[in-house]
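Below: one structure, written as structure tokens.
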Amino acid sequence: VQLHVTPPPLSFGSETTISDLTYYAEKGCIVDVLAALTNPHLKTLGSRMLADYAKMPHRRVAVASNTRILEFVQCTALEIGNVRGQQYYPNAHGAPHSSSAYDHVAKYTSPSWLGREYAVETVRSLTAAEENDRYLMNAAGLLQMLALVARGGPFIQHASSPSLQGYSSEPVVVAVPPPTFEDNGTPGPRLMIDNTMGVASDKARLHACIAIMNLSCGKSNKIEITGVKEILEAMRDVMLGRHFSNPPRDSSSSSRSSSNVADEARLKATTCIKNLSNADANDAALLGTPGLVETLGYVAEATCHPKTGATTCTTHACLALMNLSISKANKNRVFRTPGVMD
């Protein structure tokens, strides 16, 4: 009689290193490894390991084709922590004793948490090889995740949870929708007037923009990407410089000032829209996105410095406007858009 003994689940702690995770991953236990990563420290290590794997040309397809890996990076990129349902018990001094869940939430919702950055960087590296497009384009929710992070999200607000046993409870974090174009159509800060905050770092946003831009290069992807309205809205917001810790430069900036992450992200977003505008079938969606055409006009002006002249970003914004103006049905719409002819 043969007895099949199920091995115990993997368990990692505060002393765990990337080498520990890689050891088990190399033995074919990557799914078990990812399932055991349950706190900010471990998720950061796991997403860093995946980002390293995704940079290896001989490993990219294996990473991109693994559904569980893509699910992990999506969940990590969107992680804000969840303290709802946590139990609180009075300690010896009669005060409520909370678990470490709130510490986790504070880390997850900090723009300095590297787990989100590494997770999105993993996807960015996977998009460098076109053979991975079919896996990424078919991954449920992946495009929406990239759009939300590119826009600055997840977006959160702090709220108070109901008190338990008469003790005052800690605030909880609630995910909220991104601000609409009408709410804030100009470059704005990370923390908005209604206390909504975007938790993605500027670098994570850049990774997301590059990933979307890379995917937009594929001829067969253009229409599908344009069909995701969140992507068009995200690219618009990035071009406007909304919710960056350091906003992009404009035509009034010193010609000696160096470019920053927001400038790079704006270039990638503008290039993405230029790529999508190459497909005539996308005209209606692009023209129908609130503020997008106006934003192309704004970018064309903002990135053309009086002394140094036009930049690559200026050129790509103008190319997108040119593509949208080719169709006879679009000419008047583009012409009448405020700021474009200026």
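The values are calculated or read from the model by the stated rules, or taken from the named source; none is laboratory data. Here the structure is a predicted model, which means the values were calculated and not measured. With ideal geometry, Cβ positions are generated from the backbone for all residues, glycine too; neighbour counts draw on all protein chains shown. Remember, those area values only see protein heavy atoms, side chains included, never the ligands or the DNA or RNA. Shrake-Rupley method; radii C 1.70, N 1.55, O 1.52, S 1.80 Å.
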Exactly one of (1) out of contact with any Lys or Arg (no Cβ under 7 Å at 6 or more places or on another chain); (2) closer than 25 Å to GLU224 by Cα is unmet by SER325. Its number? (1)
Hits in the stretch 20-76 - residues which are part of a helix (DSSP H, G or I), hydroxyl-bearing (Ser, Thr, Tyr) and under 23 Å from ASP133 (Cβ atoms): SER47, TYR53, THR67, THR76
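Listed here are the residues, each with its yes/no results for (1) at pLDDT 95 or above; (2) open to solvent by 70 Å² or more (accessible area, probe 1.4 Å); (3) among the polar types (S, T, N, Q).
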{"residue": "CYS75", "(1), (2), (3)": "yes, yes, no"}
{"residue": "SER112", "(1), (2), (3)": "no, yes, yes"}
{"residue": "TYR135", "(1), (2), (3)": "yes, no, no"}
{"residue": "GLN165", "(1), (2), (3)": "no, yes, yes"}
For the stretch 307-322, which positions are touching a residue at least 12 places away in the same chain (Cβ under 8 Å), more than 27 Å from the chain's Cα centre (by Cα) and open to solvent by less than 30 Å² (accessible area, probe 1.4 Å)? none
All but one of (1) closer than 18 Å to LEU319 by Cα; (2) modelled with pLDDT under 90; (3) of a type in the set (Gly, Ala, Ser) hold for GLY297; state the number of the condition that does not hold. (2)
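Residue by residue, here is whether (1) under 27 Å from GLU117 (Cα atoms); (2) part of a helix (DSSP H, G or I) holds:
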{"residue": "ASN275", "(1), (2)": "yes, yes"}
{"residue": "VAL293", "(1), (2)": "no, yes"}
{"residue": "LEU296", "(1), (2)": "no, yes"}
{"residue": "GLU301", "(1), (2)": "no, yes"}
{"residue": "ALA317", "(1), (2)": "no, yes"}
{"residue": "MET322", "(1), (2)": "no, yes"}
{"residue": "LYS328", "(1), (2)": "no, no"}
{"residue": "PHE335", "(1), (2)": "no, yes"}
Any idea how many residues of the stretch 304-315 are in a loop (DSSP other than H, G, I, E, B) and either at pLDDT 90 or above or closer than 18 Å to ALA281 by Cβ (or both)? 1
Residue check, GLU117 crowded, with 24+ Cβ neighbours inside 10 Å, acidic (Asp, Glu), in contact (Cβ under 8 Å) with a residue 12 or more places away in the chain and farther than 16 Å from GLU224 by Cα: yes
For residues that are in contact with a helix residue (DSSP H, G or I) (Cβ under 6 Å, 6 or more places away or on another chain) and open to solvent by 20 Å² or more (accessible area, probe 1.4 Å), scanning just the stretch 218-245, find the one that is nearest to GLY115 (Cα to Cα). SER245
